[in-house]
1. Kindly provide the set of residues from the range 27-50 that are assigned to a helix (DSSP H, G or I), over 11 Å from the mean Cα position of the chain (by Cα) and touching a residue at least 12 places away in the same chain (Cβ under 8 Å), ordered by number.
2. Does the range 2-19 contain any residue that is modelled with pLDDT of 95 or more and open to solvent by 50 Å² or more (accessible area, probe 1.4 Å)?
Amino acid sequence: MIWLGLLAATPALAQAEAPPDSPRCRQQCGAVLPRRIDNPREVQSCLIRCQALERPQPP
């Protein structure tokens, strides 16, 4: 039963540890609210994709 509690807490922890979205991604995706989770699902998905593309890619 302990693992159920950890599983339930995982999304909250992931959101808490996520770096802030870049201003460019926020503008490109039309994010109106400051926290990613408060924006509509489509905007959240866009922000995740945009941030992934901004990360340095290994050679």
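The values are calculated or read from the model by the stated rules, or taken from the named source; none is laboratory data. Since we're looking at a predicted model, the values are computed, not measured. Counting neighbours? That spans all protein chains shown, and the Cβs are built from the backbone with ideal geometry, glycine included. Just the protein is used for accessible areas: all its heavy atoms, side chains included, with ligands, DNA and RNA removed. Shrake-Rupley method; radii C 1.70, N 1.55, O 1.52, S 1.80 Å.
1. Listed by number, the residues that qualify are Gln28, Cys29.
2. no
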